Structures are given as structure tokens and as C-alpha cells.
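Working notes, beginning with the structure itself.
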Amino acid sequence: VWVDDRGYGLPGVGALGLSPLWSAIVNAAANLGIMTLMVMVNKAYNVLRAITWLMVGLFALMQAAVPVQCTTLNPGTLLCLCIAACTYMMLGCYGQPGRTRTVFLVFLILGAGCAVQYAFTPFILVFWLMLVQMRIFSARTFLASLLGILCAWILLMGSGTVSPADINWPHLSGLPDDIGLNRGFYRIAVAAITALLLLGALMANAYKTISYNARARAYNGALVVLALVTVIAMALDSDNLATYLPLLNMSAAYQITHYFVNHRYDRQYIAVLAIAGVYVALYIWRILP
């Protein structure tokens, strides 16, 4: 499933050699961590303008549509967990350019992530844009971000964990090599449906978001940029599509929930159940011989 499970200097999480049981346990804990961070982001920064657990339920349902995402520790879970944690920290820096230590830590995580999975790379650009959106971009914060990335690699190479000979450049591809197989086509179908729901929710939320105050617009803008870059990265690196899928699910869960919070109407539960039904149908398709 994970075609290129390695980063620029180290093999991916699959190289840990965990037993199937421990792999499932660690992955379940990581998914719970992602869902906890989703709730924490909303409670701390009110990005959805309401306290709700709907986004957690949607994320869990979307993850379950691709069972291996839930039963095996994988680079997608690692990527999503790290990006969720970095987003939580970065949003807390709004209007506080003195938070250079937090900026350093965020980019240290991203730099270390690149060592084990090259899919972290485009999100360095996302968090540089977040510096601007959070109104903290300056020479000091940009320097802190560069030092964070460099520090991760200095520690890896200084400790001998990575040597210059280990440096590996990613190979970006077009469509997955196994597109002709049912499994490959299934992953593309799930990603395409989720991306369409995400983009539809983004367009539906755009007009309402414009009316928010500057802080709320900055928070939502950061999540929008994260979502769009995820979709673009999946399109450009679709052979590694499964790695981006949990992050796509998290972004879609946020935006769809935001839509339902912003647009109240009678029997809204029918629309929620319809979305849930789509993923149940996809899961049934997956388990059919």
C-alpha cells in the first residue's frame, strides 16, 4: 500500500519491524492522538464556531473505509499526527512573534519527519505560510524555522543515524502502478470522493468565513491552505497516495463539520447519515471478493 515508505535519510515506520499486534496497538493509539488533537484545536481556537464531536466521528469513519489505515502502523498516520500537533502549536502563536521557541519546535518536527517520510516536505511550505497567516512572520521567526529544520538533520548526522551516503531523493510519479488492480482503484476512488466532499465544503464555507473576525479568518485560512496543499500533493505524488490519505480525511472532517455548523436546516441529520452511508458503502465494496 505504501509504495515509498522512506524519507530522505531513513526508512519509514515499516522498518520498525513491529509484530502485527503491536503495530495495530500503536497505530490505534496514534489515531486516538489525532482525534484528541482535532478536539483540542477546536476547543482552544474555536475554528468551527461550535463545540462538536462530529469531525471526530467523520474522521474515524473515513479512516475505517481503508481498513489497513486503522490496523497497521503506517507513514500516513505518522504524517497526520505530526501535522495535527504542529497545527495546534502554530495556531497558538497568533499575534505573538516572540514565540520563536514554538516555531523552532514545529519545524524541528517537520525536519525530522522528512528524514523518515518525504511526504512531510510540502508541509514545510504550508507552515511557512502559516507564519504569515498567524501574523508572526519576521526575520527572527523565519530564522527559527530554518534552524529547526537544520537542527533535526545536524542531530541525525552528528549522531551517525544518517550519513551522506544514506541520502535518498524521492521519485514522484503519476498514477499508482497498481491502478489496474481492485485495491489500487479502490484507494483512488476513496481519495477522490473525500477530496470532492472537502472541496465542496470549502466552497460552501467560503462566504461565511469571510464574515469572521481577523483571528478566526487566520485560523480557518490555515486549515484551508493545509487542505488544499494536501490535495495538490496527492495529485502530484499519487503513487504515494495512501500516505496523504489520513491527512486528507482530517481536513475533510473539519471542513464538512464546519459546513454543518454554519448551515443549520431541518433534518440535517439526513445529510450527515448520507455522508456516513457513502463510506459504509465504500467499506462494503472493499471487503467484497
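The values are calculated or read from the model by the stated rules, or taken from the named source; none is laboratory data. Here the structure is a predicted model, which means the values were calculated and not measured. The accessibility values were calculated without ligands, DNA or RNA, using every heavy atom of the protein model including side chains. Shrake-Rupley method; radii C 1.70, N 1.55, O 1.52, S 1.80 Å.
With springs only between Cα atoms under 10 Å, which of Ala50, Ala274, Ala191 fluctuates most in a Gaussian network model of the chain? Sorting by GNM fluctuation, first place goes to Ala274.
Extents of the chain, taken as max minus min of Cα coordinates on every principal axis and listed largest first, are 60, 51, 33 Å. Taking every protein chain into account, the 1.4 Å probe leaves Val66 with about 10 Å² of accessible area, to the nearest ten.
Considering only Tyr207, Tyr244, Tyr94, the Gaussian network model of the chain with Cα springs below 10 Å gives its largest mean-square fluctuation to Tyr207.
Residues whose amide H comes within less than 5 Å of that of Arg6, counting only those at least five positions distant or on another chain, are Gly12, Tyr118 (H built at 1.01 Å from N in the peptide plane).
If you run the Gaussian network model on the chain, springs between alpha carbon atoms under 10 Å, then out of Val41, Val116, Val68 the most flexible one is Val68. The alpha carbons of the range 84-159 stretch over 36, 21, 17 Å along the principal axes, in descending order.
Quick one: accessible surface of Arg49, probe radius 1.4 Å, all protein chains present, in square angstrom to the nearest 10. Spelled out: Arg49, probe radius 1.4 Å, area about 100 Å². For the range 50-93, rounded, prolate or oblate, judged on the Cα gyration tensor with a ≥ b ≥ c (square roots of eigenvalues), a/c < 1.5 rounded, else prolate if a/b > b/c? Oblate, because a/c is 1.5 or more while a/b does not exceed b/c. Computed with a 1.4 Å probe over protein heavy atoms only, the accessible area of Arg99 comes to about 80 Å². Sorting Leu79, Leu236, Leu156 by solvent-accessible area of protein heavy atoms yields Leu236, Leu156, Leu79, largest first, with a 1.4 Å probe. For the chain, the fraction of 1.4 Å probe accessible surface lying on carbon and sulfur atoms is 71 percent. By its C-alpha gyration tensor, with a ≥ b ≥ c as the square roots of the eigenvalues, how is the range 22-145 shaped: rounded for a/c under 1.5, else prolate for a/b larger than b/c, else oblate? Verdict is oblate for the range 22-145. Taking every DSSP helix (H) stretch of at least 4 residues in the chain, weighting each as -39,500 (n - 2.57) and dividing the sum by the residue count yields a mean residue ellipticity at 222 nm of -23500 deg cm²/dmol.
A 1.4 Å probe over all protein chains sorts Tyr45, Tyr219, Tyr88 by accessible area into Tyr88, Tyr45, Tyr219, starting with the largest.
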